[in-house]
1. Just to be sure before I move on: is LEU150 part of a loop (DSSP other than H, G, I, E, B), closer than 24 Å to GLY27 by Cβ and open to solvent by 70 Å² or more (accessible area, probe 1.4 Å) in the structure I sent?
2. Restricting the search to the range 176-196, which residues are charged (D, E, K, R) and open to solvent by 60 Å² or more (accessible area, probe 1.4 Å)?
3. Right, PRO167: farther than 27 Å from MET109 by Cα and surrounded by fewer than 17 Cβ atoms within 10 Å (Cβ to Cβ) or not?
4. Please tell me if ASN72 is touching a helix residue (DSSP H, G or I) at 6+ places or on another chain (Cβ under 7 Å) and farther than 19 Å from TYR261 by Cβ.
5. So, in the range 154-182, how many residues would count as being out of contact with any Ser or Thr (no Cβ under 8 Å at 6 or more places or on another chain) and hydroxyl-bearing (Ser, Thr, Tyr)?
6. Tally up the residues in the range 128-145 that are of a type in the set (Phe, Trp, Tyr) and either more than 18 Å from THR209 (Cβ to Cβ) or part of a strand (DSSP E or B) (or both), please.
7. Only one of (1) closer than 25 Å to ILE246 by Cβ; (2) of a type in the set (S, T, N, Q); (3) touching a Leu at 6+ places or on another chain (Cβ under 9 Å) fails for SER179. Which number is that?
8. Being in contact (Cβ under 8 Å) with a residue 24 or more places away in the chain and on the phi < 0 side of the Ramachandran plot is the filter here, so list the residues in the range 66-79 that pass it.
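The values are calculated or read from the model by the stated rules, or taken from the named source; none is laboratory data. What you see is a predicted model; the values in this text were computed from it and never measured. Reconstructed Cβ throughout: ideal geometry from the backbone, glycine too, with neighbour counts over all protein chains shown. Quick note on the areas: whole protein, heavy atoms, side chains included, nothing else; ligands and nucleic acids left out. Shrake-Rupley method; radii C 1.70, N 1.55, O 1.52, S 1.80 Å.
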Amino acid sequence: MKTKIYAVILSLVFSVVALRAQSQLTGQQIQEKSIEATRVAGVEAVATMTIIDRKGRQRVRKLAQISKLYDNGKTEKKLIRFLAPADVKGTGFLTFDYRENDDDKWLYMPALRKTRRIVSSENAKSFMGSEFSYADMTPPTVEDFTYKILGEEEINGVLCWKIEITPKDDDIADENGFSKKISYIGKQNYVIRKVVYFDLDEELHKEFTVYEIKELDIQNRKYRLMHIEMENKQSDRKSIMKVEKIKFKPNVKDEYFTTRYLERE
């Protein structure tokens, strides 16, 4: 009986310590932890992206995703290759997501048989005709923004920090395509649950919502987003990304993350 009582007391003590530590976190620290929560050592996945216009017409695209961490987790390299339908088959997108520096991004279009680099001024543009932008394809550089904790809010049954994130200058705002965003980050595991974007005129623009996550690396408590949606509140368009198959695979081949492999059809 005493053992059980001690276990309960110990559990309560750990809970109090954890809550106290959480209360001392800044908005930037929470954002950093959120990015790290989804940086998995290696992943292979197959997903579908559904683009829905304001009249409800749908375009469905199937794609494969591969990613791997380098430099002790400071860099994440990711390859996306479209598998279907025929008009986008073979299109590839390669990214090097650096923790502190500007990311490198390349797009390969089979029809042109050419790879071109996506420059920072293009980050706010649509990715493959969807409501996701090129900037949405990689986490932002944390130091480019200021952070303000607005409080707490429940999103789809998950208690979250509500954080206002604002670009530090107009150039960063232009590159990312928003004047500010409100992020909702789960308090239990730091996984992002929702983001509300405001355009450069500070008008409501888009809403990003996470409907399903999966703990892929249980030992290190690393997660992946399995069902996400981006809704454009101004154009009534929506894009849905659903992961159909996913595998934790730390030993992904390095050759996948080269422009040479990107151009392979």
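1. Numbers: part of a loop (DSSP other than H, G, I, E, B): no; closer than 24 Å to GLY27 by Cβ: yes; open to solvent by 70 Å² or more (accessible area, probe 1.4 Å): yes.
The answer is no for LEU150.
2. Taking the range 176-196 first, the residues charged (D, E, K, R) are 180-181, 187, 193-194.
Answer for the range 176-196, where residues must be charged (D, E, K, R) and open to solvent by 60 Å² or more (accessible area, probe 1.4 Å): just LYS180.
3. Values: farther than 27 Å from MET109 by Cα: yes; surrounded by fewer than 17 Cβ atoms within 10 Å (Cβ to Cβ): no.
No.
4. Working: touching a helix residue (DSSP H, G or I) at 6+ places or on another chain (Cβ under 7 Å): no; farther than 19 Å from TYR261 by Cβ: yes.
So ASN72 does not fit the description; no.
5. Result for the range 154-182: 0.
6. Filtering the range 128-145 for residues of a type in the set (Phe, Trp, Tyr) gives 132, 134, 145.
Imposing the further condition that a residue be either more than 18 Å from THR209 (Cβ to Cβ) or part of a strand (DSSP E or B) (or both) reduces the set to 134, 145.
Total satisfying the criteria: 2.
7. Every listed condition holds for SER179 apart from (1).
8. So the first thing to find is which residues in the range 66-79 are in contact (Cβ under 8 Å) with a residue 24 or more places away in the chain, and the list is 66-69, 73-79.
Scanning the range 66-79 gives ILE66, SER67, LYS68, LEU69, LYS74, THR75, GLU76, LYS77, LYS78, LEU79.
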